[in-house]
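Below: the structure, in structure tokens.
The values are calculated or read from the model by the stated rules, or taken from the named source; none is laboratory data. A quick note: this is a predicted structure, and the numbers were derived from the prediction, not measured. Note that each Cβ is placed from the backbone with ideal geometry, even for glycine, and that neighbours are counted across all protein chains shown.
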Amino acid sequence: MQDISVFTRRIDDHLASHSGPCAVLVIEISRMAELYKLLGQQALDASMAVMAERVLGLCGSADAVCRIARAQFALFLPNLSHASKALFTASALAARIGEPILVEGRLLYMVAKIGVAVSPDDGTSGQALLRNAAIAQGEVAKSGSAHYLHYTEQMRERLRHQLITETELRQAILDEAFVLHYQPKVAIADGTPIGGEALIRWRHPTRGLIYPMEFIPIAEETGLMVPIGEWALRAACRQIQSWIEAGRQPLQIAVNVSERQFRWGHLPALIDVLLRETGIPPHLLQLEITESVLPEDLEGALRQMAWIADCGVALALDDFGTGYSSLSYLRELPLDCLKVDRKFVQDMEQDSGTRHIVQAIVAMAKAMGLKVVAEGVETEGERSLLRGMGVEEGQGYLFARPLPVKEFELFCGL
């Protein structure tokens, strides 16, 4: 295998003397980190040697291979008769690498994630082709299902946007450049305010108020969700504290907690610190979790949730019905509330099957002693159906949008 500088020079030399398409493939062998943790360095080295042989076995005499990281190779394909040949090669590599190997008496399966860049459209130098193939490989890794992808300019633009957003988010965390808006929860029967959900906004210095769907996915991916989530929890607790100190009758405020915060493992300790700092009654704080936090580490999630519930903090399962809920573990969760996902609520009027699903969710929740909150209520028809099913609480644009704190106070009469 060639050194990376020799590899890129080889591509540049070829491009200088040939006009036909050529391609660079960046190949990452997944699961190598897990293999190292389970079986050690010797098993990892043996596996990588097999993978290298398989890559080399599919190379022609004019092709070149370079190892660019512990589990990454780059493959140069000169003299392609057609650009699509690079994708055929990527497909063949994915299939070959995916064949089982025997390591220390164990049959193991590896997965190839391959990015493809083809000259001249995707680059006119060795460095550009290698970089763009790496960008495409990163998109494959994110997809979770694809084995190979051809580079597009949109991929590069997404990466550029992500890097800029991550940098700006890190500064926003230092500057505490966030604000909470509150969406009222009301009694379905008469619209009386009975609580609220805290929803974070980013006060960007040039773009104004940015909504969470634009930055939360990047925060989750980069690990920034932990400090951002901590800020939101602290801000909500301090807001409840300020209402109490002003002699107002506070309402229960719900705060969304991400999968990252659960995997962080210190959420119970953070809740304990915030309750001590602010002195608020624990029942005035509710944590909303989604079903996605549960299957990966159910035991760890249950342990953290039990500690939080023992402190008196309420727990709600958000977006119920859209994830992986199993009744076998749902009964183990120390929940106070199920939130019916807005998609179900908004489809009820037109679809009888959806109405039956919501009815079943409500009946199950009531049998388990859980409160039901309907999300995304937008029409009087939806409200009427929910009231007929016995749903007591709802939130949605029919009642109020998420509001700045002063407007929320006016709406709720605080």
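Among the residues of segment 288-298, is there at least one that is over 19 Å from the mean Cα position of the chain (by Cα) and either at pLDDT 90 or above or outside any helix (DSSP H, G or I) (or both)?
Step one: of segment 288-298, the residues over 19 Å from the mean Cα position of the chain (by Cα) are none.
No, that holds for no residue.
Let me confirm something: among Ala95, Ala90, Ala112, Ala46, which residue is of a type in the set (Gly, Ala, Ser) and over 20 Å from Ala141 (Cα atoms)?
Unique residue meeting the criteria: Ala46.
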**Message:** Cβ-Cβ under 6 Å, sequence separation 6+ or interchain: first residue in segment 198-217 and exposed (fewer than 13 other Cβ atoms within 10 Å of the Cβ), partner part of a strand (DSSP E or B). Which pairs?
**Reply:** Leu209/Arg201
**Request:** Tell me which residues, restricted to segment 341-358, are touching a strand residue (DSSP E or B) at 6+ places or on another chain (Cβ under 7 Å) and assigned to a helix (DSSP H, G or I).
**Result:** Val345, Val358
**Asked** Out of curiosity, is Leu39 over 25 Å from Gly126 (Cβ atoms) and either in contact (Cβ under 8 Å) with a residue 12 or more places away in the chain or β-branched (Val, Ile, Thr) (or both)?
**Response** yes
**Request:** Tally the residues that are outside any helix (DSSP H, G or I) and over 16 Å from Leu77 (Cα atoms), restricting the search to segment 109-148.
**Result:** 9
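Rundown of residues vs (1) under 25 Å from the mean Cα position of the chain (by Cα); (2) small (Gly, Ala, Ser); (3) over 22 Å from Gly195 (Cα atoms); (4) at pLDDT 90 or above, yes/no style:
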| site | (1), (2), (3), (4) |
| --- | --- |
| Leu315 | yes, no, no, yes |
| Gly323 | yes, yes, yes, no |
| Ser326 | yes, yes, yes, no |
| Asp347 | no, no, yes, yes |
| His356 | no, no, yes, yes |
**Message:** Just the residues that are aliphatic (A, V, I, L, M) and in contact (Cβ under 8 Å) with a residue 40 or more places away in the chain, please, taken from segment 218-238.
**Reply:** Ile218, Ala219, Leu224, Ile228, Ala232, Leu233, Ala235, Ala236
**Complete:** Within segment 12-43, the count of residues that are surrounded by 18 or more Cβ atoms within 10 Å (Cβ to Cβ) and more than 17 Å from Gln137 (Cβ to Cβ) comes to 5
**Fill in**
All conditions in (1) in contact with a helix residue (DSSP H, G or I) (Cβ under 7 Å, 6 or more places away or on another chain); (2) under 20 Å from Val103 (Cα atoms) are true of Ala23 except (2)
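How many residues does segment 49-71 contain that are small (Gly, Ala, Ser), more than 29 Å from the chain's Cα centre (by Cα) and closer than 19 Å to Gly138 by Cβ?
Residues of segment 49-71 small (Gly, Ala, Ser): 49, 52, 57, 60-62, 64, 69, 71.
This time we only want the ones that are more than 29 Å from the chain's Cα centre (by Cα), so: 49, 52, 57, 60-62, 64.
Applying the additional criterion that residues be closer than 19 Å to Gly138 by Cβ yields none.
Looking only at that region, the number is 0.
Of everything in segment 393-414, what is in a loop (DSSP other than H, G, I, E, B) and not charged (D, E, K, R)? Give them in sequence order.
Gln395, Gly396, Tyr397, Leu398, Phe399, Ala400, Pro402, Pro404, Gly413, Leu414
Here is a yes/no grid of residues against (1) modelled with pLDDT under 95; (2) closer than 27 Å to Gly394 by Cα:
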{"site": "Glu221", "(1), (2)": "yes, no"}
{"site": "Cys237", "(1), (2)": "no, yes"}
{"site": "Pro250", "(1), (2)": "yes, yes"}
{"site": "Ile253", "(1), (2)": "no, yes"}
**Among residues of segment 384-413, those that are closer than 20 Å to Asp319 by Cβ and charged (D, E, K, R), counted** = 3
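Which of the residues spanning segment 182-202 are assigned to a strand (DSSP E or B) and more than 22 Å from the chain's Cα centre (by Cα)?
If the condition is that a residue be assigned to a strand (DSSP E or B) and more than 22 Å from the chain's Cα centre (by Cα), then Tyr182, Gln183, Pro184, Lys185, Val186, Ala187, Pro193, Ile194, Gly195, Gly196 are the ones that fit.
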**Asked** Of everything in segment 365-379 that's in contact (Cβ under 8 Å) with a residue 12 or more places away in the chain and among the aliphatic types (A, V, I, L, M), which residue is farthest from Asp347 (Cα to Cα)?
**Response** Met368
**Prompt:** Which of the residues spanning segment 26-54 are touching a helix residue (DSSP H, G or I) at 6+ places or on another chain (Cβ under 8 Å) and modelled with pLDDT under 85?
**Reply:** Ser30, Met32, Leu35, Tyr36, Ala43, Leu44, Ser47, Met48
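Here is a check on your reading of the model: is Gln241 in the same structural domain as Glu288 (by TED's automatic domain parsing), among the polar types (S, T, N, Q) and surrounded by 14 or more Cβ atoms within 10 Å (Cβ to Cβ)?
On the way: in the same structural domain as Glu288 (by TED's automatic domain parsing): yes; among the polar types (S, T, N, Q): yes; surrounded by 14 or more Cβ atoms within 10 Å (Cβ to Cβ): yes.
Answer is yes for this residue.
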